[in-house]
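Shown next, in structure tokens, is the structure this report addresses.
The values are calculated or read from the model by the stated rules, or taken from the named source; none is laboratory data. Since the structure is predicted, the reported quantities are computational estimates derived from the model, not experimental observations. Here Cβ is always computed from backbone atoms with ideal geometry, including for glycine, and neighbour counts include all displayed protein chains. Remember, those area values only see protein heavy atoms, side chains included, never the ligands or the DNA or RNA. Shrake-Rupley method; radii C 1.70, N 1.55, O 1.52, S 1.80 Å.
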Protein chains: 2
Amino acid sequence: MGSSWKRLGKYLWETQILGSVQSTLYWDQNTSMPFRGASWRGEQLSLLARQLHSRQSSIEYGNLIEDARAEFENQRQKGNLVPAQVEEHGRNLYLLEQDFRRQKSLDSELVSDLASAKSEGYSLWQQARKKSDFSIFVPALQKLIQLRQEEARQLSEPRSCWETLAQPFEPDITLVRIKELFNPLRKRLPELLSEVRELNERRPLNGWDLSENDQQNLCNELLNEWGREDGITSIARSPHPFSTTLGPCDFRLTTRIVKGQPFSCFLATAHEWGHSLYEQGLPCQSHHWFGWPLGKATSMSVHESQSLFWENRVARSMAFSERWWKRFANVGAPINCSEELWRLMNPLIPGLTRVEADELSYGLHILIRTDLEIALLEQGLEVEALPSEWNLRYKELIGITPGNDKEGCLQDVHWSEGLFGYFPSYLLGHLISAQLAESMNKDFEDHSNASSTIDGLIENGKESTLLDWLRNNVHCHGRQLNAEQLVQKVTEKRLSSEPFLKYLENKVKNLMALP
Amino acid sequence: MGSSWKRLGKYLWETQILGSVQSTLYWDQNTSMPFRGASWRGEQLSLLARQLHSRQSSIEYGNLIEDARAEFENQRQKGNLVPAQVEEHGRNLYLLEQDFRRQKSLDSELVSDLASAKSEGYSLWQQARKKSDFSIFVPALQKLIQLRQEEARQLSEPRSCWETLAQPFEPDITLVRIKELFNPLRKRLPELLSEVRELNERRPLNGWDLSENDQQNLCNELLNEWGREDGITSIARSPHPFSTTLGPCDFRLTTRIVKGQPFSCFLATAHEWGHSLYEQGLPCQSHHWFGWPLGKATSMSVHESQSLFWENRVARSMAFSERWWKRFANVGAPINCSEELWRLMNPLIPGLTRVEADELSYGLHILIRTDLEIALLEQGLEVEALPSEWNLRYKELIGITPGNDKEGCLQDVHWSEGLFGYFPSYLLGHLISAQLAESMNKDFEDHSNASSTIDGLIENGKESTLLDWLRNNVHCHGRQLNAEQLVQKVTEKRLSSEPFLKYLENKVKNLMALP
């Protein structure tokens, strides 16, 4: 490509550097910073945010994109580009233009009002939550909804308000698709939940734990078997596990030990490592797409599908328990066979809290939030009515009612920061993971012997084969394909809830069949 | 103060934010970053360095300083300022003008040549050191010397080359003062060294160690007794211990465990905590001097005096051993009384390596470096002759000869990054610490009962009284006074090597008197 393209690339490169400095500050904040450092950290982050915003909406940047577009069209007309270049460069430009248009179409007063409303909202939400008093949070949430509605108006895309706000997380998502994908779950998940009720009577062993040291060692063993490279990975503790990428060869993840929950750290490690593997596989390392859209994750649901694959499809599988139960038994877990570990890893007990939910009830938590945020943004649901609506739906779908708003509609941080349209990605991640896994399994069966099913590979500690498949089929595309396009390409089917339901039904059946 | 002053303050505030982001990246690099993250970290740091340099030499900044100066003079003439304001604001302006003039007087070609030469120098020094082959490093060191000589020419201050380059570390230092201060040491330290030779025959117990966990616990106990506040302090591990300040309420330090050296981590913690206490006591927290020169450390020697006070004068004192020996014995140190701990904490054995040197021979390592860097910069010493000159002086002053250049003139990183004029600060720190301690002791004796000598307070775990004294007499001045002015003000005497020599002689005498 020509000189305009290179100039644009240089600009993006520098934006990427600034963004990664921001991520480093977040990492430090969550892993090392003493708590009274928070207010100065806020100053640092706000300076970087201003710098980044001004870079991403500057006239200079707009001109760079325009010049690169002109150069691209010119070269294309002259036939100087091979088809792959046309496709990739064209996609990069399209995404840059889209992001730039969005940055530019918001007036600066709204941007600054939103920033204040978010920080105000977060702070009032914390107070409201502490006192379990929703009324404290009401005015802030009203303000946030109103400002984000205004944002959608200013963006003026051919989409509804909720759809517009969901785009940054889930490009091209529509209300119609959400309905199509989620409605079967709305019907089937509560049925499955009542089927497993009997399982909950023979509750798994409780009241035991593993030492910090043993948990740490098991996590290390897991990461070593799952392809960790020391030179590019670093691990720390934080109050909430997360993973982040700080540079092309700098991947971080955090875990935490939860007292009385001996699998919490292990499964969180599997989950966060799944996120990290996706980022490690994106087409950005030592590659010309670093800093460009194509080098980035395509959507939150695809990201989540990767973490869920490793957490649920691999670590919570019976095959994994076969391979690992002795290691857990050796450090004092009260189990005598693989089935016992498997059952402990898969408690299917509905509760009030999303982040503690199992695979079966998780989706119901998301359905409720999705319905409610669409109602708040588009259907005139009054903020004051949120607690009662919330509780009603919990009763209806999960069969339990929160005792107060802290364990009810005040449990999640998202809305307090004005994040609408984010929740569905969590559930879409389950759907995508299941559908990808189905195809993966089929690929292995078609092309090799029987022991090369997903479960066969897990049982033999050959997870690297699973990873290779994901790298070649999923990770490598970056933002070239959106989530649905990716699923279509890989599985040759449209995304649906069927594989996920099949997977759950199968798991329930096998759990019920245990002695 | 008026609006120009406020505008300048706002500018300095933002510069401070950027600088603290840079420090956060260094902290992360040394404590968390996986090693292959280094090259991207370099990109981040270099972007920030460019931003900082451009802020600190911009026309806008120059105008802000000029306006603030005009406003200050105007207000002073009108009699609107109280004397303390005249003094403090005047000093702030003087220092800002000085720093700005320095930034502006270098031409940009030199700045960029120096940056390359430093990174080239560092990399060749690493190679040379690995192979213990000085010749690999020769051209890079020649280049660095030549460029820094050019820098001194461009700065064109009424000072010699070496003096000019030493200013950022030790403001107002001169060759004449260095000579005055160091010459008595050149004579007396080798004599003391030969006096203790006999001690080295009855060598302290060797071949034992403390567990990581016990070392960690002892360090924690130490910090708790020495005034650590959890909310503003955070501790991590790094290959080389250091301390850094990342925000007005965010102080970090690192330690390391060295196998076979059971006091290494403990004494390094004491040392780094001393640095941190100085920074914590500077007049910047929740105070209008944050971001201004007066809120910063006045010189490297004063900084070092604070770390050495806590490491040597406190932790290595007999009084401290009285209070602590049982705690060390309880975790398995082979000692039966305070004298045994004290002797173990004070091995006076000359070696080849500066960073492992004891209080007695440390100064000799510095004398050699100081002589040699002055000779290289000002007296035409050829770079090729450095190894032989180095070895000659080690033989002469310390009585031992390096077996190779790796343990000789390639041991320190400083010159490889073009740092000249830095080494003397380490030794000046010993001198300042001793002279301040003498005054502190006198103050306590004058104003209270006998148990309130420094040693009395240490023995009773009342180190907070020592800290209060340092805060009120030393830390609070920031850059209002340079190192010599500070010592003069606090001790009412000119800085000299006498208190330090007296302190050493006393320690040697007491060690020799042990059974």
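Scanning segment B:302-358 for residues that are among the small types (Gly, Ala, Ser) and either buried (at least 21 other Cβ atoms within 10 Å of the Cβ) or in a helix (DSSP H, G or I) (or both) turns up B:305, B:307, B:315, B:319, B:321, B:329, B:333, B:338.
Residues being hydroxyl-bearing (Ser, Thr, Tyr) and assigned to a loop (DSSP other than H, G, I, E, B): count how many of those fall in segment B:457-502.
Here the count works out to 2.
For first residues located in segment A:405-423 and charged (D, E, K, R), partners that are open to solvent by 40 Å² or more (accessible area, probe 1.4 Å) and not in a loop (DSSP other than H, G, I, E, B) and lie 6+ apart or on another chain with Cβ distances below 9 Å form the pairs A:405/A:129; A:406/A:129; A:406/A:130; A:406/A:131; A:412/A:355; A:417/A:118; A:417/A:119; A:417/A:122.
Conditions (1) hydroxyl-bearing (Ser, Thr, Tyr); (2) within 30 Å of residue A:93 (Cβ to Cβ), marked per residue:
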{"site": "A:429", "(1), (2)": "no, yes"}
{"site": "A:441", "(1), (2)": "no, no"}
{"site": "A:465", "(1), (2)": "yes, no"}
{"site": "A:480", "(1), (2)": "no, yes"}
{"site": "A:484", "(1), (2)": "no, yes"}
{"site": "A:507", "(1), (2)": "no, no"}
{"site": "A:512", "(1), (2)": "no, no"}
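Number of residues in segment B:387-404 that are buried (at least 17 other Cβ atoms within 10 Å of the Cβ) and of a type in the set (Val, Ile, Thr): the value is 1. The residue pairs whose first member lies in segment B:56-80 and is open to solvent by 60 Å² or more (accessible area, probe 1.4 Å), whose second member is among the basic types (Lys, Arg) and modelled with pLDDT of 95 or more, and whose beta carbons are closer than 9 Å, counting only pairs six or more residues apart or on different chains, are B:67/B:7. The residues listed here are A:99, A:113, A:172; of these, the one that is open to solvent by 60 Å² or more (accessible area, probe 1.4 Å) and in a helix (DSSP H, G or I) is A:113. The set of residues in segment B:39-51 being more than 9 Å from chain A (Cβ to nearest Cβ) and more than 25 Å from the chain's Cα centre (by Cα) consists of B:50 alone.
Here segment A:40-55 is the region considered, the condition is being open to solvent by 60 Å² or more (accessible area, probe 1.4 Å) and not hydroxyl-bearing (Ser, Thr, Tyr), and the residue that is farthest from residue A:291 (Cα to Cα) is A:43. Scanning segment B:228-240 for residues that are open to solvent by 30 Å² or more (accessible area, probe 1.4 Å) and of a type outside the set (Asp, Glu) yields B:228, B:235, B:237, B:239, B:240. Taking the listed residues B:199, B:181, B:185, B:205, the one that is among the aliphatic types (A, V, I, L, M), open to solvent by 50 Å² or more (accessible area, probe 1.4 Å) and either at pLDDT below 95 or in contact with a Ser or Thr (Cβ under 6 Å, 6 or more places away or on another chain) (or both) is B:205, with no other qualifying. Are any residues in segment B:434-469 in contact with a Gly (Cβ under 7 Å, 6 or more places away or on another chain) and either open to solvent by less than 30 Å² (accessible area, probe 1.4 Å) or on the phi > 0 side of the Ramachandran plot (or both), and if so, which ones? Across segment B:434-469, the qualifying residue is only B:467. For segment A:372-386, the criterion of being under 25 Å from residue A:271 (Cβ atoms), surrounded by 17 or more Cβ atoms within 10 Å (Cβ to Cβ) and not polar (S, T, N, Q) is met by at least one residue.
Just so you know, in segment A:408-423 the residues that are surrounded by fewer than 21 Cβ atoms within 10 Å (Cβ to Cβ) and over 13 Å from residue A:117 (Cβ atoms) include one that is nearest to the chain's Cα centre (by Cα), and it is A:422. For segment A:282-301, the set of residues classified as among the β-branched types (Val, Ile, Thr) and in a helix (DSSP H, G or I) is empty. Considering only residues of segment B:1-38 that are within 12 Å of residue A:246 (Cβ to Cβ) and open to solvent by 50 Å² or more (accessible area, probe 1.4 Å), which is farthest from the other protein chains (Cβ to nearest Cβ)? Going through the qualifying residues, I end up with B:29. Going residue by residue through segment B:52-67, is there one that turns out to be within 30 Å of residue A:232 (Cα to Cα) and either within 14 Å of chain A (Cβ to nearest Cβ) or out of contact with any strand residue (DSSP E or B) (no Cβ under 7 Å at 6 or more places or on another chain) (or both)? Within segment B:52-67 (the criterion being within 30 Å of residue A:232 (Cα to Cα) and either within 14 Å of chain A (Cβ to nearest Cβ) or out of contact with any strand residue (DSSP E or B) (no Cβ under 7 Å at 6 or more places or on another chain) (or both)), the answer is yes, since at least one residue qualifies.
Here is a yes/no grid of residues against (1) touching an Asp or Glu at 6+ places or on another chain (Cβ under 7 Å); (2) without any contact (Cβ under 8 Å) to a residue 12 or more places away in the chain:
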| residue | (1), (2) |
| --- | --- |
| B:427 | no, no |
| B:465 | no, no |
| B:468 | no, yes |
| B:480 | yes, no |
